[in-house]
Amino acid sequence: MSRTGLNTVSLRRRVTTAAILVLAVALLLTGVVVNAVFVAQSDRSLDALLTSRAQLARQLARAGTGGQQIVNRTETDGVRAYLVLRNGTTFGTSPPTGTGVKSLTVTLNAPNRVDGAQLTLTVDTALVSGARQRLRRILVLVSLVALGVSALLVAGAVRLALRPLDAMAGLAKTITEGNRGLRLAPTRTDTEIGQTARAFDEMLDELEGAETRARQAEERTRAFLADAAHELRTPITGVQAAAETLLHHGDTLSAADREHLQALLVREAQRAGTLISDLLAAARLDAGVELHSEPVALGTLVGHELDRVRLLHPQVSLTTGGPDLEVTADADKVRGILRNLLDNAVRAAGPRGRITVNLSTANGFAVLDLWDSGPGVPPSERERIFERLVRLDHSRSTDAGGSGLGLAIARGYARAHAGDLLCLDPGRPGALFRLTLPLDAPPS
């Protein structure tokens, strides 16, 4: 028995963890994108502010405004101006240096001495940096809160979503306790859970059916063994009785009595041997019949078996008809089928009965119909007679009625050839058996 090593980590935990991880990654990516957008937007805003102040300074210079006035009107909250004329005169505060400063330098054109002056505009980015820090803290805080709330919600949602699995587990436990009649009966079978539930129900149906079949097979095996023991008891009892009589009273018996007992001993031993051979043949049917297929002239084979019957039972009327068909089959197995059918027909028809064998073809099969003038087979028994150790007349001895295995073996041989053996309604008094064998393809 192979083991797959199924991972039994909690499915709820795995699904919840996976969902939280996905959400955490999504929130992280969102925070990175929001922060990047805010940084880019704030940089653009500062650039736009410096550009607008520089444009105002140019307009003032072209209008002839003085240097100090240009500095005063250009400066605003957060923006500082520093103007250097060509003669070295300066106006405003010297611009600060460092990483927290953003600057823009332009050259002014004016009709007065401001012409050609260098104007440097600076803005302190500390306010923007503080806003960025606050934004990052808010993003982290919101993400943590969102993860916490989402974890609770996902855990509850997963618990609700996995309730059908709990139902399956509960049903499995009831099955182990012996209650195999319950089923999940999913309302929908087009979903993952529905398909799993349907497969689970089908598995239970198959399990219940297999259990039923196993019990039936066990019962049939017990019945078969009981019937076999019963069938073997009669010839073995006869052998034992004859042997004990010869052993203990052989000296006092007449020659005729000793000869009778010896004949009885041989006959009962032969009956026991025949029954054992039939039992072995029936057992081999369950393991699979090994066939040695070759072209077989079915009509010729039927003729040989009829000659045997004529020799043993000269008063029985035998009639045959139809073409000499060729089939691909195991000649010994087919001969066994024919011999069993003819022996049963002779026993049923009696010493002065009539037997008819007719050959024909139908749908790629060779068809052999065998009719006898005996009492026939009741319709309710036409299938049961192919079961093992079944004889219709239980009052008959095994010598008259056979072992009850012949028809079961004969049908097994026929079906091993991809054919069949049936008992049909003859439409007249007597019994009709039909054997079908494939004409062309040999059995696999």
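Alpha carbon centre of the range 308-325 versus the range 12-77: separation in Å? Their Cα centres are 113 Å away from one another. Normalised by residue number, the volume inside the convex hull of the Cα atoms of the range 6-146 is 120 Å³ per residue. Taking the range 31-45 and a reference point 7 angstrom along Cα→Cβ of ARG136, the backbone N atoms nearer than 17 Å belong to 31-43. Heavy-atom accessible area, probed at 1.4 angstrom with all protein chains present, ranks LEU139, LEU301 as LEU139, LEU301, highest first.
With every protein chain in place and a 1.4 angstrom probe, the accessible-area ranking of LEU153, LEU306, largest first, reads LEU153, LEU306.
The accessible area of ASP124, taken with all protein chains in place and a 1.4 Å probe, comes to roughly 90 Å². The ellipsoid equivalent to the alpha-carbon distribution of the range 101-161 has semi-axes of 57, 11, 5 angstrom, derived from the gyration tensor eigenvalues as √(5λ) and listed largest first. When nucleic acids and ligands are ignored and a 1.4 Å probe is applied, SER94 ends up with an accessible area of around 80 Å². The heavy atoms of THR30 offer some 70 square angstrom of accessible surface to a 1.4 angstrom probe.
The values are calculated or read from the model by the stated rules, or taken from the named source; none is laboratory data. Just so it is clear, the structure is predicted and the values come from calculations on it, not from any experiment. Every residue, glycine as well, gets a Cβ built from its backbone with ideal geometry; the counts of neighbours run over all protein chains shown. Keep in mind that these areas ignore ligands, DNA and RNA; they rest on the heavy atoms of the full protein, side chains included. Shrake-Rupley method; radii C 1.70, N 1.55, O 1.52, S 1.80 Å.
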